[in-house]
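K.L.:
If you scroll down you'll find the structure; I have some questions about it.
The values are calculated or read from the model by the stated rules, or taken from the named source; none is laboratory data. Quantities reported herein were computed from a predicted structural model and do not represent experimental measurements. Heads up, the Cβs are rebuilt from the backbone with ideal geometry, glycines too, and the neighbour counts pull from every protein chain shown.
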Amino acid sequence: MSSIPHHEEHGKEASDEGSTLDSRDILILFATETGTAQETADRIARECRRGHFQCRVQNMETYSPEELISEHLVIFVVATTGSGTEPRAMTPLWTLLLRSDLPEDLFEDLDFCVFGLGDTAYEKFCWPAKKLSRRLTSLGGREICTRGEGDDQHQLGVDGVLDPWIEQLLETLLQLYPLDGPLEKLTPLGKPPSRTVTTNVPPATRCVDPLDLDESYWDATLQCNRRITAVDWFQDVRHFEFASDRDLDYRPGDVTVIHPIALDSEVDSFLVTMGWANIADEPFMITHEMKDQSIPEHTPSVTTLRTVFTRYLDFNAIPRPSFFRLLRHFATDELEREKLDEFVSSEGADELYDYCQRVKRTIKEVLAEFRSARIPRDYIFDLFPPLRPRQFSISSSSKRHPREIHLCIAIVKYRTKLKIPRKGVCTSFLAALQPGDKLRITIKTGLISLPDDPSTPVVCVGPGTGVAPMRAVIEERIHAGSNATTLYFGCRSAMKDHHYGAEWEAYAQEGKITYRAAFSRDGPEGVKRTYVQDLLREDKERIWKLLGEQRGTLIISGSSNKMPVAVREAVTEAVEGFGQRSREDAINYVSVMERDGRLIEECWS
């Protein structure tokens, strides 16, 4: 394995090359689930301009993994899924890197560094970033900068770690690829050039939505939008059914991609706040000038402000600190500028957290308070994050519903100290849909793979809306003639949020599944609550029989809080107690199950 060279030696080699254009080119590859990694990649690329580096920012989803061997300098920005696995966009690259026949010096000409995004509230913090770093190093790559690990729990979010990491990165890059003459000193980044330039076009110019032309998407018609939690229950969970005019070939675990549309009333209110109401429907052309900064996928070449903030940019997002840094350049009131300076200073971190993150204050609400800010149209793609498509686990089997897709979705709505309730943009959009409404959707491959033999046991653990992909698994298995599926479901109340309870009980009575349910709040006051992991502990002997003796598959789905860890612990205890293994061997057994694809987590934060 190649060792990491000293910075001085490697920097000399770069200097001897004469600081060619290629030596100042950086590829930034990001893998994301919610979009934060893409925003982070853009931020790194923008800051690298200070060192006169030119970055290419690209999604791993569209990057050919085989091309990595020809790169010389790569920054990886990798998000973490709730269960600690890599984002779907990273899977092709990761699969390639895991090949056992790769030579140990494969990446001996590659300099790289990794910035991970995660949450220390979860067990496998920044796990994909750590694994990628180790694997590239084992294949001869030189990790030139200490791995960064952004933490959602930090008061400044990811930026709390990202800011100092970028300074360390730039210092390292300038050691490896030094500049000549007076440019050696890095200057702070002032107002950056806008990533787009907009130009007025004639009023009659036609605006085309690129999503309508994307052949990987198709029209789906809403057939059913039904609340499945009690009307007086605090959480609104809906069952959706979408119909297509063609047969759909999807598998359990696959996800539907839906592009949200902001509500007309909210868009109108926002445009008034910004002083754009009178020009909201005037068409303009978009030219993507700064190619090291991304713009939302499917952005049209000709559009209007109303369309942009209805379909492409999110004014309801919670702004990151970098938003306030850029906003300062457009505020004209001195007091407002002073407040923005205070927010982005190290001394103002606590105040910014209280003002923004703690109460989930939106960009729209911030701009309503900083009224002197006048944002040029060219800068809208720099200030506002993309209105990103959302992914929802499919809760039906295409074998049983060949032209339908079913979804089970919790409508996001909650309160903070602010007067107006916080709402999810996409779930609010979906909740407002009526039967007959159409939208463009596509399907992405998920993480679940089922045994080929229908008689092989499958144990599904899916509390709450985690039961969505389990419904797909169960329908698929029953269609294949299997009666070897066990479902562990958990919720608070059998009468209030027992998602698809009648279906599970009917299947159980017919002998098609074994059904175990935990209702945590239905017991007497003061009695210990029962959760899915408690049922697994009660059933330890049976769990060992299904997963150990019969080599079954365990699938865990739901919120990636304490539940997945507790379920794994319960299974470990079953292996230890009834598989007669030592504690260490039982832990290893569960790890091998995961490695062999017999333990699958489909969890989200």
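K.L.:
Out of the residues in the stretch 582-601 meeting the condition of being surrounded by 18 or more Cβ atoms within 10 Å (Cβ to Cβ) and at pLDDT below 95, tell me which one is nearest to W544 (Cα to Cα).
P.N.:
I600
K.L.:
Moving on to the next point. Working carefully through the options L546, L554, L536, find the one that is out of contact with any helix residue (DSSP H, G or I) (no Cβ under 9 Å at 6 or more places or on another chain), within 17 Å of Y589 (Cβ to Cβ) and either touching a residue at least 40 places away in the same chain (Cβ under 8 Å) or not in a strand (DSSP E or B) (or both).
P.N.:
L546
Matching residues to (1) of a type outside the set (S, T, N, Q); (2) over 29 Å from F242 (Cα atoms); (3) surrounded by fewer than 16 Cβ atoms within 10 Å (Cβ to Cβ):
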| site | (1), (2), (3) |
| --- | --- |
| I261 | yes, no, no |
| D264 | yes, no, yes |
| K291 | yes, yes, yes |
| I295 | yes, yes, no |
| T304 | no, yes, no |
| F315 | yes, no, no |
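K.L.:
Right, something else. Restricting attention to the stretch 225-254, which residues are among the hydrophobic types (A, V, I, L, M, F, W, C), surrounded by 13 or more Cβ atoms within 10 Å (Cβ to Cβ) and more than 28 Å from H298 (Cα to Cα)?
P.N.:
Selection gives I228, A230, W233, V237.
K.L.:
For a quick check of your reading of the model, give me the residue pairs whose first member lies in the stretch 160-177 and is in contact (Cβ under 8 Å) with a residue 40 or more places away in the chain, whose second is of a type in the set (D, E) and assigned to a helix (DSSP H, G or I), with beta-carbon atoms closer than 9 Å and at least 6 apart or on different chains.
P.N.:
So the pair list comes out as I166/E47; L169/E47; L170/E47; L174/E184; Q175/E8; L176/E13.
K.L.:
Being surrounded by 15 or more Cβ atoms within 10 Å (Cβ to Cβ) and within 18 Å of T456 (Cβ to Cβ) narrows it down to one of W544, W604, so name that one.
P.N.:
Matching residue, one of W544, W604: W544.
K.L.:
Further, regarding this structure: Quick check on this structure: which one of R50, R46 is in a helix (DSSP H, G or I), at pLDDT 90 or above, among the basic types (K, R) and out of contact with any strand residue (DSSP E or B) (no Cβ under 7 Å at 6 or more places or on another chain)?
P.N.:
Answer to the check: R46.
K.L.:
Among (1) touching a helix residue (DSSP H, G or I) at 6+ places or on another chain (Cβ under 9 Å); (2) among the acidic types (D, E); (3) free of Cβ contacts under 8 Å to residues at least 60 places away in the same chain, which single condition is E584 missing?
P.N.:
Answer for E584: the failing condition is (1).
K.L.:
Here are the criteria: (1) closer than 26 Å to N483 by Cβ; (2) polar (S, T, N, Q); (3) modelled with pLDDT under 95. Tell me which single one T553 does not satisfy.
P.N.:
Failing condition for T553: (3).
K.L.:
Then there is this: Just give me the residues in the stretch 567-595 being of a type in the set (S, T, N, Q) and within 12 Å of I543 (Cα to Cα), in sequence order.
P.N.:
Within the stretch 567-595, just T572 meets the criteria.
K.L.:
Turning to a different aspect of this structure: Show me the strands (runs of 3 or more DSSP E) entirely contained within the stretch 111-208 in which 2 or more residues are farther than 25 Å from M60 by Cβ.
P.N.:
196-200
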